[in-house]
Amino acid sequence: MIRLLVTAGPEGLPAGAIGEAMDGATSSRMSFHLGHLEHAGLVTSRREGRQIIYSVTYQALSDLIAFLMRDCCQGRPEICAPVVAALSCSCEPDKDQAHA
């Protein structure tokens, strides 16, 4: 769910679309998990008409990743190097967009 919401961007996704993407998960199952993610501060929700739209809270997610990675290698940087490389590559702006 988190990855789906990160991909959706700040606009977020309606609960129904999240459920469909999660192999048709029931609304009660989705509510349970989204409620816990919201309680943890990793997602927020807003009402738009009859829909509830969920969005990831990027700063909280970034803080969580930093917390988890802080001591991951225990003095052995080769353990975390692949993760750090993957994160740094995926966050670089597209060269064409950087000059726009």
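The values are calculated or read from the model by the stated rules, or taken from the named source; none is laboratory data. This is a predicted model, so every value here is computed, not measured. Cβ placement follows ideal geometry from the backbone for every residue including glycine, while neighbour counts extend to all protein chains displayed.
Report the residue count in the range 35-52 for those that are modelled with pLDDT of 95 or more and in contact with a helix residue (DSSP H, G or I) (Cβ under 9 Å, 6 or more places away or on another chain). The qualifying residues number 7.
Listed by first and then second residue, the pairs linking a residue in the range 62-80 that is without any contact (Cβ under 8 Å) to a residue 12 or more places away in the chain and surrounded by 12 or more Cβ atoms within 10 Å (Cβ to Cβ) to a residue that is assigned to a helix (DSSP H, G or I) and among the aliphatic types (A, V, I, L, M), with Cβ atoms under 6 Å apart and 6 or more places separating them unless they lie on different chains, are CYS73/ILE79.
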